[in-house]
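Below is one structure, written out as structure tokens; the observations come after it.
The values are calculated or read from the model by the stated rules, or taken from the named source; none is laboratory data. Since this is a predicted model, take the numbers as computed values, not measurements. SASA here: full protein model, heavy atoms, side chains in, ligands and nucleic acids out. Shrake-Rupley method; radii C 1.70, N 1.55, O 1.52, S 1.80 Å.
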Amino acid sequence: MKLDFENGIPIYLQIADQIEDSILSGVFPEDTQVPSTTEISTLYKINPATVLKGMTLLVDGGILYKRRGVGMFVREGAKEKVRAKRRRAFFDDYVCALLAEAKKLEITPDEIIRMITEGAGK
């Protein structure tokens, strides 16, 4: 897990994002325990409440679940849930912006596809 204290993104969001990345990459498979709030807060020298806030986002989003007295675990289906959430965000953040800019520049959908195909080959 890598946290950037200088980029302006709240630490709790970075923690949630990093755990999601680890789920997508297979570091934390379904039904496995993720590092505890204490472990993360000690490692990065941050307030445990900040870590808990990030974890709570994932619990509320159905990505993690709590086992009382044991810790936080990856929920079944979490990988697909994270993938679907990130695909929606990709569409909203990148595709919509790309299409809006293309419209201003009078770039056709066929031209966009050609540009993407060319770019993918590099």
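For this structure, a couple of remarks:
- Carbon plus sulfur fraction of accessible area for the chain, probe 1.4 Å, in percent: 57 percent
- Residue-normalised accessible area of the range 65-122, given per residue in Å² at a 1.4 Å probe: 85 Å²
- The gain in end-to-end length when the Phe90 to Thr42 segment is fully stretched comes to 14.0 nm, 0.36 nm per residue minus the alpha carbon separation.
- Cross-link pairs beyond the 30 Å C-alpha cut-off, checked among Lys81/Lys104; Lys79/Lys103; Lys53/Lys79: Lys81/Lys104; Lys79/Lys103
- Per residue, the range 1-63 exposes an accessible area of 56 Å² to a 1.4 Å probe, with every protein chain left in place.
- Helices in the chain, meaning DSSP H runs of at least 4 residues, each add -39500 (n - 2.57). Divided by all residues, the mean residue ellipticity at 222 nm is -17500 deg cm²/dmol.
- At least 15 Å along the helix axis (C-alpha) and Kyte average at least -0.5, DSSP helices within the chain: 11-25, 48-60, 109-120
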